[in-house]
Amino acid sequence: MTPSSAERLRIVVIGDVINDVLVKPTEAITPDSDTAAVILACPGGSAANQAAWMAHLGAETVFAGRVGALDADYHRRELARAGVRAHLAADPDTGTGSIVIMLARDGERTMFTDRGANLRLRRRDLPDGLLDGAAVLHLTGYTFCEPPLLEVALGLLAEARSRELAVTIDPGSAAFLARMPAGEFLRWTEGAAVCFPNRDEAAVLTGERDPITMATRLTRHYGTVVLKLGSEGCVLAVPGQAPVRVPAHPARATDTTGAGDAFCGAFLSRWLSARPDPATPATPATPATPASAVDLADAAEFAARIAADVVTRFGARPV
């Protein structure tokens with residue numbers, strides 16, 4: 001995909017940078033012995049992946065996070081390849097977060113996570129004036145999962161609201177959400193312009209299981225809900241309107257790692273280009289959603305095409 005020619009608006013993304021290690025056995029697993037496999041190391045992290053896709057598809061994207069000092073330059077280069085302006089604090093004592101991802105034959109995953117330096121992100125790691133000139137602040141749920149990180153997230157949300165910036169949220173992990181006090185994540189992120197839960201995350205947030213019900217319930221808190229359903233596409237919901245289903249694009253999955261991140265980044269690249277007046281940022285009370293469900297469906301259909309391409313290959317980044 002080539003970057004959009006639409007007017008570029010700045011989005012600031014804060015969150016995880018990860019060293020992904022993908023492991024896909026090429027034969028039946030033999031316990032206590034060798035199993036042949038394809039093993040690939042590549043850059044990852046939900047927020048970093050989303051930022052890479054946003055920039056690749058035309059949005060002016062600034063990213064901030066914390067990595068180990070030994071591979072800080074590597075991650076700066078990898079984000080720059082996608083067009084991201086990255087501010088990465090280099091941790092001298094703790095390595096970059098890592099995930100070992102075991103891939104099944106259908107591309108589904110089991111993940112073993114060590115978040116490493118990501119857990120040591122502090123407000124002092126973020127450059128002064130990070131939100132200057134921004135239209136949107138984007139956060140993932142991983143930034144809310146530990147008390148020191150939560151302080152960073154809540155401080156950024158307060159600053160964004162004081163500047164009348166739009167906020168967008170990807171809840172990130174059902175497991176982490178389930179460990180939070182009931183209702184806290186919704187309270188912290190209340191009024192965000194767009195929220196991107198997947199099925200499991202929405203179930204934790206609402207206590208429901210039906211996608212239409214979950215999406216509708218979440219519009220009590222967010223201007224737009226984009227409920228990601230994997231191979232079933234997504235459900236779009238805005239307050240006061242009937243939810244809309246958008247089907248997934250057919251694809252033969254090799255690796256589903258990062259498909260949701262690619263979807264989120266692609267959707268936001270289109271959502272940003274639909275903002276009618278870049279000089280007038282939205283407030284949380286009046287989020288900058290596209291004018292109609294048709295605009296939302298167009299963004300979701302574009303995002304579904306990007307996600308369908310990602311699952312056919314290894315790795316979560318555009319380049």
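Condition test on Arg252, is it basic (Lys, Arg), in contact (Cβ under 8 Å) with a residue 40 or more places away in the chain and surrounded by fewer than 24 Cβ atoms within 10 Å (Cβ to Cβ)? Criteria met by Arg252. When Leu40 is tested against (1) open to solvent by 50 Å² or more (accessible area, probe 1.4 Å); (2) not in a strand (DSSP E or B), exactly one condition is not met: (2). For first residues located in region 295-309 and farther than 16 Å from Ala237 by Cα, partners that are open to solvent by 20 Å² or more (accessible area, probe 1.4 Å) and charged (D, E, K, R) and lie 6+ apart or on another chain with Cβ distances below 6 Å form the pairs Phe302/Arg270. Scanning region 68-95 for residues that are within 29 Å of Ala308 (Cβ to Cβ), open to solvent by less than 80 Å² (accessible area, probe 1.4 Å) and not small (Gly, Ala, Ser) yields Tyr74, His75, Glu78, Leu79, Val84. Among the residues of region 12-29, those that are touching a Cys at 6+ places or on another chain (Cβ under 9 Å) and either surrounded by 22 or more Cβ atoms within 10 Å (Cβ to Cβ) or within 30 Å of Ala135 (Cα to Cα) (or both) comprise Asn19, Asp20, Leu22. Ala175 meets all of the listed conditions (1) small (Gly, Ala, Ser); (2) out of contact with any strand residue (DSSP E or B) (no Cβ under 8 Å at 6 or more places or on another chain); (3) surrounded by 15 or more Cβ atoms within 10 Å (Cβ to Cβ) but one, namely (3).
Taking the conditions (1) over 12 Å from Ile14 (Cβ atoms); (2) surrounded by fewer than 18 Cβ atoms within 10 Å (Cβ to Cβ); (3) modelled with pLDDT of 95 or more in turn, Met180 satisfies each one other than (3). Within region 145-163, residues that are modelled with pLDDT under 95 sit with their Cβ atoms under 6 Å from residues that are open to solvent by 10 Å² or more (accessible area, probe 1.4 Å) and of a type in the set (A, V, I, L, M, F, W, C), at 6+ positions apart or across chains, in these pairs: Cys145/Phe176; Glu146/Leu119.
So which of Leu40, Leu22 ends up being within 30 Å of Arg122 (Cα to Cα) and at pLDDT below 95? Write out each step before concluding.
Working: Leu40 fails: within 30 Å of Arg122 (Cα to Cα).
Going through Leu40, Leu22 in turn, the sole match is Leu22.
Which members of region 255-268 meet the condition of being over 13 Å from Ala308 (Cβ atoms) and either open to solvent by 20 Å² or more (accessible area, probe 1.4 Å) or modelled with pLDDT of 95 or more (or both)? Walk me through it before giving the result.
Restricting attention to region 255-268, the residues satisfying the condition of being over 13 Å from Ala308 (Cβ atoms) are 257, 261, 264-265, 267-268.
Of everything in region 255-268, those that are over 13 Å from Ala308 (Cβ atoms) and either open to solvent by 20 Å² or more (accessible area, probe 1.4 Å) or modelled with pLDDT of 95 or more (or both) turn out to be Asp261, Cys264, Gly265, Phe267, Leu268.
Look through region 159-172, keep the residues that are over 15 Å from the mean Cα position of the chain (by Cα) and closer than 17 Å to Val13 by Cα, and return whichever of them is surrounded by the most Cβ atoms within 10 Å (Cβ to Cβ). First the steps, then the outcome.
Pass one, region 159-172, residues over 15 Å from the mean Cα position of the chain (by Cα): 159-166.
Now restrict to residues that are closer than 17 Å to Val13 by Cα: 159-161, 163-166.
Working: Glu159: 14, Ala160: 22, Arg161: 16, Arg163: 13, Glu164: 13, Leu165: 24, Ala166: 29.
Ranking the candidates gives Ala166 first.
Flag: Gly58 does not match the condition of being touching a residue at least 60 places away in the same chain (Cβ under 8 Å) and surrounded by 23 or more Cβ atoms within 10 Å (Cβ to Cβ).
Rundown of residues vs (1) surrounded by fewer than 19 Cβ atoms within 10 Å (Cβ to Cβ); (2) modelled with pLDDT under 90; (3) over 27 Å from Gly183 (Cβ atoms), yes/no style:
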{"position": "Thr213", "(1), (2), (3)": "yes, no, no"}
{"position": "Arg217", "(1), (2), (3)": "yes, no, no"}
{"position": "Pro278", "(1), (2), (3)": "yes, yes, yes"}
{"position": "Ala304", "(1), (2), (3)": "no, no, yes"}
{"position": "Thr312", "(1), (2), (3)": "yes, no, yes"}
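The values are calculated or read from the model by the stated rules, or taken from the named source; none is laboratory data. Worth saying up front: this structure is predicted, and the values here are computed from it rather than measured. Reconstructed Cβ throughout: ideal geometry from the backbone, glycine too, with neighbour counts over all protein chains shown. Heavy atoms of the whole protein, side chains included, go into the accessibility calculation; ligands, DNA and RNA do not. Shrake-Rupley method; radii C 1.70, N 1.55, O 1.52, S 1.80 Å.
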